[in-house]
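Reading through the structure tokens given below for one structure.
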């Protein structure tokens with residue numbers, strides 16, 4: 001800390017006129033009380049006796065002692081009346097923000113932002129959105145891990161893993177792996193129609209087929225690229241595997257019946 005030099009006022013010349021003008025000007029901006037306390041503490045620093053300070057400022061000696069004591073203890077804030085709500089010259093202290101609170105309301109998680117009744121209402125029917133919003137708030141220090149874990153129905157450790165994954169890999173990393181597979185299996189109706197048609201042709205002509213065989217045939221015949229696992233997925237979804245054996249027999253019976261009708 002830099003040490004200030006001692007100030008010797010013995011040889012200084014004081015102008016009562018300048019003093020009066022300067023004090024009046026200071027009082028307009030700071031107020032009489034602040035100026036009085038500044039002068040009191042300045043004289044104290046210059047080595048003036050407390051009793052003499054009280055006489056110079058026309059205040060009780062105990063008041064002078066109290067001013068000096070409080071400023072030494074509390075700093076600049078002691079220059080003003082403590083009953084004031086805000087300081088006229090010190091920066092205002094920002095009030096502590098209201099805490100963000102999570103509320104569970106049936107099919108929703110409500111994020112109460114603590115500002116004028118504003119809130120976010122997140123549907124549990126959209127778990128991906130729920131995770132992204134709450135984990136993003138966790139990563140930014142707005143929520144605690146335990147309350148986020150309770151809201152998304154996971155353990156704190158799993159929640160920590162997801163928050164780290166979101167931070168490092170982005171929102172796509174939170175997609176349910178099973179949902180991701182379903183996206184891979186999605187095909188358009190025309191492609192699905194070709195898949196059914198090829199299945200029927202294979203079963204009728206050779207009595208057997210497979211996902212790999214249909215995938216290859218669709219590529220050769222229609223220039224459609226459908227992975228074998230996607231073919232198998234749709235065959236299973238439509239239950240076509242259940243008619244592998246019955247379809248040729250049914251076709252044969254239909255042909256026989258048709259021939260009988262034709263011969264009569």
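Read-outs: derived from the displayed coordinates by stated rules, not from any lab. Because the structure is a prediction, the values reported are computed rather than measured. Note that we place each Cβ from the backbone using ideal geometry, even for glycine, and neighbour counts take in every protein chain shown.
Things worth noting here:
- Take every Cα pair under 8 Å whose residues are at least 6 apart in sequence, average their separation, divide by the length of the chain, and the relative contact order is 7 percent.
- Net lengthening on full extension, residue 201/residue 104 (0.36 nm per residue, minus Cα-Cα): 29.4 nm
- Each residue, residue 228 and residue 155, gets one label point 7 Å from its Cα in the Cβ direction; the gap between the two is 3.8 nm.
- Compared with the dominant Cα axis of the chain, that is its longest principal axis, helix 32-45 is turned about 70°.
- Highest mean packing first, where packing is the average number of other Cβ atoms within 10 Å per residue, the peptides 156-167, 247-258 line up as 156-167, 247-258.
- Using alpha-carbon coordinates, inclination of helix 16-30 to the longest axis of the chain, degrees: 30
- Histogrammed with a bin width of 10 Å, the alpha carbon distances of the stretch 101-175 distribute as 20, 55, 23, 2 percent, first bin at zero.
- For the peptides 96-105, 217-226, residues were scored by their other Cβ atoms within 10 Å and the scores averaged per peptide; the highest-first order is 217-226, 96-105.
- Per residue, the Cα convex hull of the stretch 184-253 amounts to 80 Å³.
- Hydrodynamic radius (Kirkwood) for the stretch 16-79, which is based on Cα pairs only, to one decimal in Å: 12.0
- The chain - Rg over Rh from alpha carbon coordinates, Kirkwood radius: 1.52
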